[in-house]
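Q: Could you have a look at this structure, given as structure tokens, before my questions?
Derivation of every value follows stated rules applied to the coordinates shown; laboratory data play no part. Note that this is a predicted model, so its numbers are computed, not measured. A quick note on method: Cβ atoms are made from the backbone with ideal geometry, for glycine too, and the neighbour counts reach across all protein chains shown.
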Amino acid sequence: MNIAITDGLILMPPAYSAGLNLWSRENGTPGSGSYAAQPNAAFVPADQDFGGCMELQKLQTTQKLRSYAQTPIRPGLYLRVTARVKAIAGSLPTVRIAGWAGSISGANVSAVPQTGPEVALTAYGEVVTVSAIIATSSRQGVDMPWGGAPVYGHFGLDLTGPNGGVVRIDDLVIEDVTEAFLRSLIDWVDVRDYGAIGDGTTDDSAAFAAADAAAEGRGVLVPAGTYFLNTNVTFSNKVRFEGTVVMPSGFRLACTRDYNIDTYVAAFGDEEEGLRRGIQVLFYFTDHIAFDLLGRRVTIRSPLDVQAVAGLDTLVQRRVVMNGQIDAANTANWEDETTTSVATYTPSSNALRLTNVANVANILIGSRITGTGVGREVYVTSKDIGAGTVEISRPCWGSAGTRSYTFTRYKYLLDFSGFAQLGRFELQNIEFQCNGRASALMLPPAGDTFRIADCSFNKPKDRGITSIGYGCQGIFVDRCQFLSNEQPLNAQDRTSIALNVNANDAKIRNNRVVRFAHFAIMGGSGNMFIGNHFFQGDDQTAGVRRAGIVFTSTNVKTLITGNYIDNCWIEWGNEHDEAPEFQSEFSFGGLTVTGNIFTCNDVSPNFRWFVVKPYGSGHFINGFTMNDNVFRTVNTNIDRVEGVDTTHAALDFSRFRNLVVEANAFNGVNAITQSPVMIQHDQNTAADTWVLDAAAFLPFGARARNVQAVVTEGPIETAGNVKDYTMPYVETEQGLGGTLAHLRWSRALKGRVHATIRCDNPN
């Protein structure tokens, strides 16, 4: 390596023949005295040993000679300054190479050595060569180590010793000798030394392997050129790419000591191909589990089919892609593909299959299915062209028979749908920059504990995270941010969804989700929603709102704790049930909503924060707790916090069990929902039947099914103010809709009681 050639540096000072005014008798700095017209200096045009040279008489203790030219100093640059000198007459002096070290501000860096080894002249007419090596580093062979402060030098020589002698000095030579230090300092093995051609057609894989084998801890250098590799290549040593490689997609380049995006971008000369090739190797490594994007933005022009890149369809080992941004380029490759087809759905035979599917060959795996009776987030998991069948991710609640369906395939930055099974895969600190063109992430159809942590989903066109099967089993989504591409739209006009889950045991924690149509469509059970903030409002007065979390099955076994639920609601239905009427299965139950903040602003009075939506008749609630939450409205009042959507069916209030709504705070809510609820009843006119009315308090408009306690306050008296000590009995579920309880006395009495009423049977 010669920096003077590769970087175009000018190192050589001017020849003496150009004029002695270019040479300083001091330090060479601007304004210092020159040798022009000095009595002790002259240019000799024709010396027998030197040709043109300078003749100089020593008159000072240290007779200096410096070039006014600034010779650059750089880290990694090794300079050799050489002078040829001979004595002509008088006393014999001593000669040494010398320089003046200049900082970036132009000051002298006095702390560094600025003279080289001395050489004594011992005879007249004898040509003596004196030299010194200057570098920023202090290594063996460097005479003047200057460190990082000097950025240039004025070089020349000094005459020391006795005065009066006359010498002649040949033109000073400054040269780059970095190459002499290259092997000991950098220690690279060049693939060209082992037969690599780099013409783009000759197979250089054997040469690469030989260079790596010979390196033995040193680095391997791939110099400029295009190197064709026609087999798998592994570097066990560090490698640096100045040239690029090309290789068939089925072969892998494993850089085991430089496994990061920068290495692969340098190797393949393209950041998108570098990302693909780096991820490819991740699935085969045994000594690396993480592919690091090093904080780099990688722009891709089309969806990255991870299974096609990997070349395998099953892996259940921890693997991680981390630390970077994946950006969707402005191309047509992100456009949705839509197919319409007629198919038959027979849920009694197979609730996860469509049969007699027309045009099945054109339906893409991973397509979302829409049509009459199809719930939200139902996807194609596989197809059989010969049999004319399509397998689907979730059952349909009302599609029995033959009808038309629409199949829409969204395009994702990272698409894992080609795997048969993928478990323990992780994405950490990745920004999915969808730009309103692409969706972000499609999960594999099977696998478990996929983990997505500290990621940002920016402007997905259709979906943030999509599950088309059961690859979401045990999924973790932690500390992520989802920013909708539809934020300016009214809530009712949005179509994008942050994520959906089909399987069980999802952990959705500490995420921030901004203005999607829905935050999460949840098809499984055993979920935890903890510490999330999701808000879906708009700028409309009395605006329409939509569900934030949607549960699509009845017995969800789920915790919703410590969330900030903002201008949206929790919807609990059973739209993924092929027989949505209650039969012998578990009905709605297993849900705990505790310690959340609920807020809304500028909504209509009929807004609700919690809605149960049965898709078939006969359902009820068995196991529901909503406690210690805060409900607050802004710029509005609403009627109550909970309700039942009876679009398809109502709830059977006569079967409510284990339902507790208590210890909540209500602000801007007309009806305070509680069960059990303690009411005060004042009977001012003596009567043998007292009507206890808790209808305004009981959740979902349910029935007064139990009276847990009746406590009198003060005396119970007859109309004539005679105290009565008899015990009443209770009749529950009285009145229209069963929302009243009757307190029956043995005779007409008056007074005050406190009654605790429940809408359920507690066990």
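Q: Within the chain, what's the longest stretch lacking GluC sites (Glu not before Pro) that sit in DSSP loops with no more than 16 other Cβ atoms inside 10 Å?
A: Longest stretch, sites excluded: 336-580.
Q: In what sequence do VAL306, VAL173 fall when counting other Cβ within 10 Å, fewest first?
A: VAL173, VAL306
Q: A further question follows. THR689 to ASP187: extension gain in nm, 0.36 nm per residue of separation minus the Cα-Cα distance?
A: Between THR689 and ASP187, full extension yields 170.6 nm more.
Q: Turning to a different aspect of this structure: If the chain between THR636 and ASN667 were fully stretched, how many nm would it gain, using 0.36 nm times the residue separation less the Cα-Cα distance?
A: So the chain would gain 10.1 nm between THR636 and ASN667.
Q: Ok, one more. Across bins of 10 angstrom width beginning at 0, how are the C-alpha pair distances of segment 668-763 distributed, in whole percent?
A: In order of increasing distance, the bins hold 17, 47, 27, 8, 0 percent.
Q: At R0 = 30 Å, how high is the FRET efficiency between THR370 and GLU733 if r is their beta carbon distance? Nearest 0.05 is fine. Working shown, then result.
A: Numbers: r = 42 Å, r/R0 = 1.40.
Here the calculated transfer efficiency is 0.10.
Q: Where the centroid of each part is defined by its Cα atoms, how far is segment 385-451 from segment 513-570 in Å?
A: Measuring centre to centre over Cα atoms gives 21 Å.
Q: Would you please give the FRET efficiency between THR299 and GLU126, computed as 1/(1 + (r/R0)^6) with r the Cβ-Cβ distance and R0 = 60 Å, to the nearest 0.05?
A: 0.35
Q: Within 10 Å of each residue's Cβ, count the other Cβ atoms and sort THR202, THR122, THR136 from fewest upward.
A: Exposure proxy ranking, most exposed first: THR122, THR202, THR136.
Q: Let me ask you something else. Å³ per residue of the Cα convex hull, for segment 382-539?
A: In segment 382-539, the Cα convex hull volume per residue is 122 Å³.
Q: What does the convex hull of the alpha-carbon atoms of segment 610-665 project to on average, in nm²?
A: For the Cα atoms of segment 610-665, the hull's average projected area reads 4.6 nm².
Q: Quick one: work out Rg over Rh on the C-alpha atoms of segment 3-183, Rh as Kirkwood radius.
A: Computed over Cα atoms, the ratio is 0.96.
Q: Still on this model: Report the FRET efficiency, 1/(1 + (r/R0)^6), for ALA290 and VAL722, where r is their Cβ-Cβ distance and R0 is 60 Å, rounded to 0.05. Spell out each step's value before the answer.
A: Details: r = 85 Å, r/R0 = 1.42.
Efficiency, rounded to the nearest 0.05: 0.10.
Q: Peptides 80-90, 612-622: what's the order by average Cβ count within 10 Å, highest mean first?
A: The packing order, highest mean first, is 612-622, 80-90.
Q: Expressed as a whole percent, how much of the Cα-Cα distance distribution for segment 88-246 exceeds 19 Å?
A: Cα-Cα pairs in segment 88-246 separated by more than 19 Å: 67 percent.
Q: Can you compute the helix-only [θ] at 222 nm over the chain? Use -39500 (n - 2.57) per DSSP H run of at least 4 residues, normalise by all residues, nearest 500 deg cm²/dmol.
A: -1500 deg cm²/dmol
Q: Something else now. So what's the projected area for segment 483-639, the Cα convex hull averaged over all directions, in nm²? The partial results should precede the final answer.
A: On the way: hull surface 35.2 nm².
Over every viewing direction, the Cα hull of segment 483-639 projects on average to 8.8 nm².
Q: Another question about this same structure. Please go through the residue pairs LYS383/LYS411; LYS64/LYS86; LYS459/LYS507; LYS238/LYS411 and name each one whose alpha carbons sit more than 25 Å apart in this structure.
A: Working: LYS383/LYS411 19 Å; LYS64/LYS86 16 Å; LYS459/LYS507 23 Å; LYS238/LYS411 37 Å.
Those over the limit are LYS238/LYS411.
Q: Here's another thing I want to ask about it. For segment 119-159, take every pair of Cα atoms, bin their distances at 5 Å starting from 0, and report each bin as a whole percent.
A: Once binned at 5 Å, the Cα pair distances of segment 119-159 give 5, 17, 22, 19, 14, 11, 7, 4, 0.
Q: If you restrict to DSSP beta bridges whose two residues both lie in the chain, what percentage is antiparallel, to the nearest 5?
A: Working: 97 of 222 bridges.
Once the DSSP bridges in the chain are tallied, antiparallel ones form about 45 percent.
Q: Ranked highest first by the average count of other Cβ atoms within 10 Å around their residues, in what order do 104-111, 28-35, 590-597, 495-502 fall?
A: By packing density, highest mean first, the sequence is 495-502, 590-597, 28-35, 104-111.
Q: Taking segment 337-409 as the region of interest, what is the percent of Cα-Cα pairs per 5 angstrom bin, listed from the shortest bin to the one with the maximum distance?
A: The distribution over segment 337-409 is 4, 20, 35, 30, 10, 1, 0, given as percents.
Q: Further question: Starting from the Cα of ARG218, step 7 Å along the direction of its Cβ; do the same at ALA37; then give the gap between the two resulting points in nm.
A: 5.8
Q: PRE reach from ASN108 (point 7 Å along Cα→Cβ): which of segment 55-81 fall under 17 Å by backbone N?
A: Once the point is set 7 Å along Cα→Cβ of ASN108, 60-71 turn out to lie under 17 Å by backbone N, inside segment 55-81.
Q: How much length, in nm to one decimal, is gained on full extension between VAL342 and THR402, taken as 0.36 nm per residue of separation minus their Cα-Cα distance?
A: Full extension from VAL342 to THR402 adds 20.9 nm.
Q: A further question follows. Please list the three semi-axes, largest first and in whole Å, of the ellipsoid equivalent to segment 184-295, using sqrt of 5 times the eigenvalues of its alpha carbon gyration tensor.
A: 20, 16, 13
Q: What lysines does LYS750 reach when the alpha-carbon gap must be under 25 Å and sequence neighbours fewer than 8 apart in one chain are set aside?
A: Once the sequence-local lysines are set aside, what remains near LYS750 is LYS723.
Q: Please pull out the direction-averaged projected area of the chain, using the convex hull of its alpha-carbon atoms, in nm² to one decimal place.
A: If I average the Cα hull's projected area over directions, I get 50.2 nm².
Q: Then there is this: Starting from the 7 Å offset along Cα-to-Cβ, what nm value, one decimal, do you get for the label separation of VAL711 and VAL544?
A: 4.8
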